[in-house]
Structures are given as structure tokens and as C-alpha cells.
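Chemist: Please find one structure pasted underneath; my questions will follow.
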Amino acid sequence: MTELVAVAVITVLAVISPGADFAMVVRNSYLHGRTTGLMAAAGVAAGVLVHVTYTMLGVGLLIASSTALFTALKLVGAAYLVYIGVRTFLARGDVDVDLGSGPELTRSGALRTGFLTNALNPKTTLFVVSTFTQVVGPGTGLWRQAGYGLFMSAAHFGWFALVALFFSNVRLRTGMLRWQKALNRGIGSVLVGLGVTLGLAR
């Protein structure tokens, strides 16, 4: 029971902490609408399952014990954060706000962006690997471990679905679009900062 509570608490704290996934879902939701934001949230949740899967297969233990492998994974994730941060920073500010004419980002594109954001997110890597190697006991059955993984994924989808619903609100979104260029630069700067910080961290 203690293990279950610990996993739940750590998961909730990890989910609501601001990061690249939050910035990405916020931007997609206010810029492209509710459905696109929800697809991005689904992608984020699917990305979590990547980390759960390799951790359950034992790769997480290898990452925890191999400095070189962990560093390589961290640098790949950091580079991706810098990449999407630069793209967001340089995004144009004069988009069509009429969502009825079709969003610039397709649903599959939003799903893919959300997936890659978390599949290559060092924060998510640390969260999942640390939870499974430090909180989940070695005697925990595979079905229970799978349950923990599904809970982590579902928690991410639930939170980011709420984020998408909130930031796709017409009144709020219209106000944000007026300041879109500044918002893009702000979000882009945060993403680049996160990427550089994670890439330089030891």
C-alpha cells in the first residue's frame, strides 16, 4: 500500500510540474484548438509508455548504472527540446484564428509532436526510471508494474487534457493570439533554456 501511495504522489508531482510537455500542449491548444490540444495530450501520454516499457524490460537499470548511456540519452532529449524551442521562438505571429478553416497542425501531427516531446524528454526519463528503480520493489509483480505504468500514462493524459480544454477556450485563446508572437518567444525561450540546462547538467 505504501508503494502504491508513493507511486501516485510522485506521479502527480511529476505531471503538474511545468516542462516542455506543458508548454507544447498550451501552445497547440490556444493556437490550433481543443481537438489538436487533446491529440497532443494523447501523444504525451503515449510517450510516457515508451519509458515505462524499456524500464520494465530492464533498460532503466542499465541507464541508471551506465553514465555514458544516460549522458547520450540526456543529450538527445536536450537537443530535441532546443530544436522545438527554436522553432517555437521563430514561429510567425500572423496565423489564421478561424479554426473552422482547418488547423495548420494536423491531428496526427499533434499526436506525433506530443509523443516525441515526452519520448525524448529527460524529465520524463528521470521520473519513470527513478520511480521504478527506487520506489517500486524488486518483488513487485509484472502486472502491478504494468498497472503503475498505465496509471502514469493516464495521469499525464488527464492533466494535459484539462490543460488543452482550458487553453482552447475561445475567449482566453483569442486574447492569447493577440500576443502570440510574444508568447511564442516566451515559450520558445523556456524550452531552449530547459534543453540547455538539462544538456549541461551533470
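The numbers here are math on the coordinates, done by the rules we state, and not lab data. Note that the structure is predicted; figures quoted are calculated from it, not measured. Please note: Cβ atoms are built from the backbone with ideal geometry, for glycine as well, and neighbour counts cover all protein chains shown.
Chemist: Highest mean first, what order results for 26-37, 5-16, 158-169 on Cβ atoms within 10 Å?
Modeler: Per-residue mean Cβ counts within 10 Å order the peptides as 26-37, 158-169, 5-16.
Chemist: Order these peptides, 144-152, 47-55, by their mean beta-carbon neighbour count within 10 angstrom, highest first.
Modeler: Answer by packing, highest mean first, reads 47-55, 144-152.
Chemist: Taking the Cβ-Cβ separation of Val170 and Ala8 as r and a Förster radius of 25 Å, what is the calculated FRET efficiency to the nearest 0.05?
Modeler: Between Val170 and Ala8 the formula returns 0.15.
Chemist: For Leu142 paired with Leu69, estimate the spin-label separation in nm (one decimal), with each label point 7 Å from Cα along the Cα-to-Cβ line.
Modeler: The answer from the label model is 1.9 nm.
Chemist: Let's test the formula: R0 of 22 Å, r as the Cβ-Cβ distance of Leu57 and Leu150. What FRET efficiency results, to the nearest 0.05?
Modeler: It comes out at approximately 0.90.
Chemist: In addition: Check which residues have an amide H placed less than 5 Å from Thr106's amide H, if you skip close sequence neighbours.
Modeler: For Thr106, no residues qualify.
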